[in-house]
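Each remark here refers to the structure printed beneath this line.
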Amino acid sequence: MPGMPPEQKKFLHLLLLSGAEYDALEKLRAAFASYEDAWRASASALQTAGLGEDRVHAITEGRVRLAADDEMRKLVAAGIALVAREDPEYPADLQNIAQPPFGLYIKGRIPEKPRIAVVGTRKATAYGREAVKKIIADLARAADVAIVSGLAQGIDAQAHRAALDERLDTVGVIGSGIDRASFFPPENYALAEEIVAKGGAVISEYPPGTPALKHHFPARNRIIAGLTRGTLVAEAPEKSGALITANFALEQGREVFAIPGPLFSPTSTGVHRLIQDGAKLVSSADDILNEVDIPRREMPIAAAAALTDETERTIWELLREPQSVDDLKRSTQLPTPAIITCISMLELKGLIRPMGQNRYQRVA
């Protein structure tokens with residue numbers, strides 16, 4: 001598929017730099033044959049296209065002070081790619097959502113693998129952080145996925161950090177320019193740089209120099225949902241941007257998952273409402289992978305050869321996290337002697353190890 005000609009991409013960038021956001025670009029695309037024509041149009045032609053006085057002034061003033069080649073060189077120097085909707089590198093998952101971005105500014109590489117969004121409140125609790133860490137670790141062991149979130153404080157940052165800790169690719173979608181001067185929140189810029197350095201990406205539909213305006217964040221949530229097979233909400237009060245992301249996921253025909261929280265916590269109210277409305281309750285990676293078409297990792301060859309009994313396979317799978325005999329009994333309904341015998345055999349085969357306090361965990 002041919003991409004957008006470089007000359008046209010320059011003028012798309014100039015229009016974006018002049019503050020032509022989605023609604024303005026939609027009007028310009030309908031009124032003019034090309035972005036260059038829109039950039040060079042007279043003030044009266046821009047008004048006829050439906051642009052307001054402020055936007056018309058920004059474009060006519062911008063073309064006096066902005067040079068297309070200079071601006072594109074700045075992007076290259078900053079390691080930022082502009083990918084237009086017409087380009088083959090544009091994420092296929094975004095092509096069919098409502099209002100796909102006209103262009104994306106990308107630092108790094110969007111991984112070509114199944115992606116899951118993990119979002120939640122900026123005011124994360126210790127419970128929420130630990131739950132996100134556990135589910136992402138569980139996902140990392142079960143499948144080759146990438147984690148997408150919004151690089152905000154709280155649950156978003158924890159999702160990116162947990163993904164990096166588990167050597168999963170991760171993508172941050174932000175509501176400002178991705179340059180250091182305009183990056184929001186500034187305290188997460190180092191995390192964004194680490195994401196890029198470790199093979200992931202930071203993306204925005206807003207050009208460098210764009211401040212974090214309030215209306216940018218609900219808009220960027222459609223991109224988070226659109227990039228992924230499903231959205232997992234970890235913690236969210238009744239009014240939360242995470243719920244906006246979940247609603248976009250539903251509108252786009254994607255799955256919505258939710259981690260239940262403490263009954264009386266304000267950060268649980270939005271999550272519990274999602275579950276009441278039909279979101280899948282999640283306590284492990286299986287709850288996600290059973291709903292979406294993502295290949296699971298194959299069992300390690302050594303384990304596959306050693307696990308000759310169905311009970312051993314069941315208990316070995318359950319021991320992704322440290323569990324006691326009582327935990328296993330509740331999960332399997334097997335008699336205690338059978339579980340103890342199975343644990344002894346798994347330990348002899350070197351497939352599990354004791355973790356103290358009568359708990360055991362898989363080695364691989």
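The values are calculated or read from the model by the stated rules, or taken from the named source; none is laboratory data. Note that the coordinates shown come from a computational prediction; the quantities given were computed from them, not determined experimentally. All Cβ positions, even for glycine, are placed from backbone atoms using ideal geometry, and neighbour counts span all protein chains on display.
Here are the numbers for the structure shown:
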| item | result |
| --- | --- |
| Sole residue being of a type in the set (K, R), free of Cβ contacts under 8 Å to residues at least 60 places away in the same chain and over 29 Å from T269 (Cα atoms), chosen from R129, R141, R55, R109 | R55 |
| Among (1) more than 24 Å from E238 (Cα to Cα); (2) more than 14 Å from the chain's Cα centre (by Cα) - the single one T125 does not satisfy | (1) |
| Residues of segment 110-123 satisfying the condition of being more than 20 Å from K198 (Cα to Cα) and either in the same structural domain as L319 (by TED's automatic domain parsing) or crowded, with 23+ Cβ neighbours inside 10 Å (or both) | V119, G120, T121 |
| Considering residues of segment 29-86 that are among the polar types (S, T, N, Q) and part of a helix (DSSP H, G or I) only, the residue surrounded by the fewest Cβ atoms within 10 Å (Cβ to Cβ) | S44 |
| First in segment 337-348 and more than 12 Å from T311 (Cβ to Cβ) and assigned by TED's automatic domain parsing to the domain that holds R313, second anywhere and surrounded by 14 or more Cβ atoms within 10 Å (Cβ to Cβ) and among the aromatic types (F, W, Y), Cβ under 8 Å, 6 or more apart | E347/Y360 |
| For A197: the one exception among (1) surrounded by fewer than 24 Cβ atoms within 10 Å (Cβ to Cβ); (2) in contact (Cβ under 8 Å) with a residue 24 or more places away in the chain; (3) not charged (D, E, K, R) | (2) |
| Evaluation of K280 against (1) loosely packed, with under 13 Cβ neighbours inside 10 Å; (2) closer than 22 Å to S331 by Cα (one fails), failing number | (1) |
| Filter result (surrounded by 14 or more Cβ atoms within 10 Å (Cβ to Cβ) and more than 13 Å from W316 (Cα to Cα)) within segment 342-358 | M355 |
| Residue in segment 314-335 that is in contact with a Ser or Thr (Cβ under 8 Å, 6 or more places away or on another chain), assigned to a loop (DSSP other than H, G, I, E, B) and in the same structural domain as G154 (by TED's automatic domain parsing) present | no |
| A338, sole failed condition from (1) surrounded by 16 or more Cβ atoms within 10 Å (Cβ to Cβ); (2) more than 37 Å from the chain's Cα centre (by Cα) | (1) |
| Qualifying residue in segment 203-217 (condition: touching a Pro at 6+ places or on another chain (Cβ under 6 Å) and not assigned by TED's automatic domain parsing to the domain that holds E347) | yes |
| Condition check for R297: modelled with pLDDT under 85, closer than 24 Å to K113 by Cβ and not hydrophobic (A, V, I, L, M, F, W, C) | yes |
| Filter result for V363 (surrounded by 15 or more Cβ atoms within 10 Å (Cβ to Cβ) and within 25 Å of A234 (Cβ to Cβ)) | no |
| Set R320, R254, R330, R297: member being touching a residue at least 60 places away in the same chain (Cβ under 8 Å) and either closer than 30 Å to I223 by Cβ or loosely packed, with under 14 Cβ neighbours inside 10 Å (or both) | R297 |
